[in-house]
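Student: Got a structure for you, questions after.
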Amino acid sequence: MSYPDEETTRGDLRRPLRAVSLPPAADELHTLGLVMAATARIETRLRDLETLPSEVRLLREEIAKDRKELVHGASKHAANHSSNRMAALMGALFTLYEVSAPYLRDLWHMLVHK
């Protein structure tokens, strides 16, 4: 049932939009409960949407923090690995020098002081 003073609205839609009809008189409390429940759902959804930007910002900050820690840890690991590799190489070269130095010195003296 619609009020006689309300017009039926027509737009570019294929079927017309009509005014809302009144609920049966005996069903007023049920309709009021439906309206209140719908309002509560809308308010809950609005509260969820209000917190969404702050949650996104917090997630981005967490990701940036995790990324910094990951990059720092990876670069630290690479530096340790590189320094360990360099230390092993220098140790090997020094050992090779210590072992071969007397032989090379003797060879040099033999070639120069013939």
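The values are calculated or read from the model by the stated rules, or taken from the named source; none is laboratory data. Keep in mind it's a predicted model, so treat the numbers as computed, not measured. Methodologically, a virtual Cβ is constructed for each residue, glycine included, from the backbone with ideal geometry; neighbour enumeration extends over all protein chains shown.
Student: Please find, within segment 11-40, the residue that is modelled with the lowest pLDDT out of those that are loosely packed, with under 10 Cβ neighbours inside 10 Å and charged (D, E, K, R).
Tutor: Checking each candidate, the answer is Asp12.
Student: Taking the condition surrounded by fewer than 10 Cβ atoms within 10 Å (Cβ to Cβ) and either assigned to a helix (DSSP H, G or I) or modelled with pLDDT under 90 (or both), does Glu62 pass?
Tutor: no
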